Each structure stands twice: as C-alpha cells, then as structure tokens.
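J.: Below are the structure tokens for one structure; questions will follow.
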Amino acid sequence: LAAESRFNSIRLEAIFHAIADSIIEYDPAGTVLRANAAAVENVGAPLVGLTRAEVSLVISLRYPDGTPVPVDRMPSRRVMQGETIVHEIYKYTKVSTGEEKTQMVSAVPLKGQEGELSGAVVTWTDITQLEKAIQVQEELLAENNRQKELLERLVREAPAGIAFLDGP
C-alpha cells in the first residue's frame, strides 16, 4: 500500500509539471508552496517560498488597459479573501527579460477538513499568441472594409458606367 501511494504521488507530481498552463499553490499567508515547470518558465524565476509581494517584483502585473494591479488586488490575494476567479485577463512584463505576456487567470480557494481556508490554487494560461492573432484578424477586416468602401465609392462616383463581368 505504501509503495502504491508513493507511485501515485510521483505520478501526480509528473502530471503537475507536465501541464502547459502555469499552476501556483499558495499557503494562507500568500507564500508560494508549489509551482509547476510552466509557472517557473513563464515568470523566469523560481517561485517556491516567495510571497505575493515578492512575486510582484518578478512580474509587473497589469490590467488589460495597462493599469498596474496593486498587490492587494492580485488574483492570489483576492482568492484568499474568498473570491473565485474565472478567466480574467491580465498582462504582465517578465522583469528579467522585458517580455510582454497576456494571461487568462483562474483561481480557487482551498479548504481544510473543517472548511477553513488552507490556501489557494491560481492557474495562468498564456493567450499572448491568441491575442496577436485576433489583432491581425481585426486589422485585416478593417483593411477589407476600407477597400470595399473605396470600390463602392468608385462605382458610385464613376463618370462612366462600370460593368462587372463574370466568366472564364
């Protein structure tokens, strides 16, 4: 039974580190207890043992409009106050490299056997490439609309008739 329990523990740890999204577990005081490999890579620094204030020194967390997120409004703090966070969007700059990221964040409080707050889990999904693709799509659509309006104006204001032919 002990060997099976150890095997399951190792297996769960391997799964935890294989997940592509960042997963960070906090204790009730807001200190990082565990962080998977994706979290360490995304932040660019070891996280275990850091307080949320120390994490804020490693990443510059901002709302989508660019406004800095105060430490007391960070997802890890809000979840400790009982909030559940689902798919909120944040931007951050990795201080070590200056790299800009856009993340979708979810967080849940963890409860002990008596229902007391025993910590929290926060997940960060990198949506930077998705955001860039949406921006390109919007730019292409705007250019398409500009070209359509130009063509419509040319047809409308042409001094002579314009015929459109369809064929081989």
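J.: Efficiency by 1/(1 + (r/R0)^6): what FRET value for R62 and Q147, r their Cβ-Cβ distance, R0 = 30 Å, to the nearest 0.05?
T.: Result of the calculation: an efficiency of 0.30.
J.: Relative to the longest principal axis of the C-alpha atoms of the chain, give the angle of the C-alpha long axis of helix 128-157, reported between 0 and 90° and rounded to the nearest 10°.
T.: 10
J.: What number, in nm² with one decimal, is the all-direction average of the projected area of the convex hull of the alpha-carbon atoms of the chain?
T.: If you wrap the Cα atoms of the chain in a convex hull and average its projections, you get 18.4 nm².
J.: Once the other residues with Cβ under 10 Å from the Cβ of S106 are scored (Lys, Arg +1; Asp, Glu -1), what is the net sum?
T.: So the surrounding residues net to -2.
J.: Given the rule -39500 (n - 2.57) for each run of at least 4 DSSP H residues, summed and divided by the residues of the chain, what is its mean residue ellipticity at 222 nm, to the nearest 500 deg cm²/dmol?
T.: -12500 deg cm²/dmol
J.: Can you give the FRET efficiency for S5 and L117, using 1/(1 + (r/R0)^6), R0 = 41 Å, r = Cβ-Cβ distance, to the nearest 0.05? Write out the running numbers ahead of the final one.
T.: Working: r = 27 Å, r/R0 = 0.65.
That gives a FRET efficiency of 0.95.
J.: I'd like the carbon and sulfur percentage of the solvent accessible area for region 1-137, probe radius 1.4 Å, heavy atoms only, ligands and nucleic acids excluded.
T.: On the way: 4560 of 7750 Å².
The nonpolar share, carbon plus sulfur, comes to 59 percent.
J.: Could I ask something else about it? Please work out how much accessible surface F16 shows to a 1.4 Å probe, ignoring ligands, DNA and RNA, in Å² rounded to 10.
T.: Looks like 30 Å² after rounding.
J.: Please calculate the 1.4 Å probe accessible area of K148, with all protein chains present, and give it to the nearest 10 Å².
T.: We get 120 Å² for K148.
J.: Round to the nearest 10 and give me the degree value, 0 to 90, for the angle of helix 2-18's Cα axis relative to the longest principal axis of the chain.
T.: 30
J.: Would you kindly find the accessible area of T31, with a 1.4 Å probe and non-protein molecules such as ligands, DNA and RNA excluded, rounding to the nearest 10 Å²?
T.: 30
J.: Give me the one-decimal nm value for the distance between modelled label points at A158 and Q81, 7 Å along each residue's Cα-to-Cβ direction.
T.: For the pair A158/Q81, the computed spacing is 6.3 nm.
J.: What number comes out for accessible area per residue over region 18-168 if the probe is 1.4 Å? Units Å², please.
T.: Result: 62 Å² per residue.
J.: Moving on. Keeping every protein chain in place, order E149, E54 by accessible area at 1.4 Å, biggest value first, i.e. largest first.
T.: Heavy-atom accessible area, descending, gives E149, E54.
J.: Let me ask something else about it. Which cross-chain or sequence-distant (5 or more) residues have an amide H under 5 Å from the amide H of G30, H modelled 1.01 Å from N in plane?
T.: none
The values are calculated or read from the model by the stated rules, or taken from the named source; none is laboratory data. Note that this is a predicted model, so its numbers are computed, not measured. For neighbour counting, all protein chains shown are included, and Cβ atoms are generated from backbone atoms with ideal geometry for every residue, glycine included. To get the accessible areas, we keep the full protein, side chains included, count just its heavy atoms, and leave off ligands, DNA and RNA. Shrake-Rupley method; radii C 1.70, N 1.55, O 1.52, S 1.80 Å.
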